[in-house]
1. Taking only region 58-109 into account, find how many residues are part of a strand (DSSP E or B) and free of Cβ contacts under 8 Å to residues at least 24 places away in the same chain.
2. Looking at region 15-41, which of the residues that are modelled with pLDDT under 95, of a type in the set (A, V, I, L, M) and not in a helix (DSSP H, G or I) is nearest to the chain's Cα centre (by Cα)?
Amino acid sequence: MIKSTVALFVIASSLFTAAAWAAAQCDGPTSDGNIWNLTCAADASDETGDDYQCDYFISVSTANGMTEEQEATGSVSPGQSNVVIWSTADYGDDSRVTGASIVRGSCSR
């Protein structure tokens, strides 16, 4: 009886944790021509009202062949969308950003 109660608790906890992790995420990065942005959103159905803290690592490639990783951090509130947590300008020289992608990251409480 105790084992089945513990197992049920573990399953319920993991489902709650998965739902909390899935309620906020970041997409991109995208470019509008001169600026690259990583934007985040959080599900409006979240009733706790607590902000999500997002922490991502972005791989940035430049015209001179260099690639570097940059950290992107920020917070997003339930119901918000298009919240920019990382941005970089494209200056059009050898350091011009030619690509950016998410390496890893997530949003959590």
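1. Taking region 58-109 first, the residues part of a strand (DSSP E or B) are 58-62, 67-76, 83-89, 97-108.
Filter again for free of Cβ contacts under 8 Å to residues at least 24 places away in the same chain, leaving 67-68, 70-71, 73.
So the count comes out to 5.
2. ALA24
The values are calculated or read from the model by the stated rules, or taken from the named source; none is laboratory data. Here the structure is a predicted model, which means the values were calculated and not measured. FYI the Cβ positions are ideal-geometry reconstructions off the backbone, even for glycines, and counts take in every protein chain you see.
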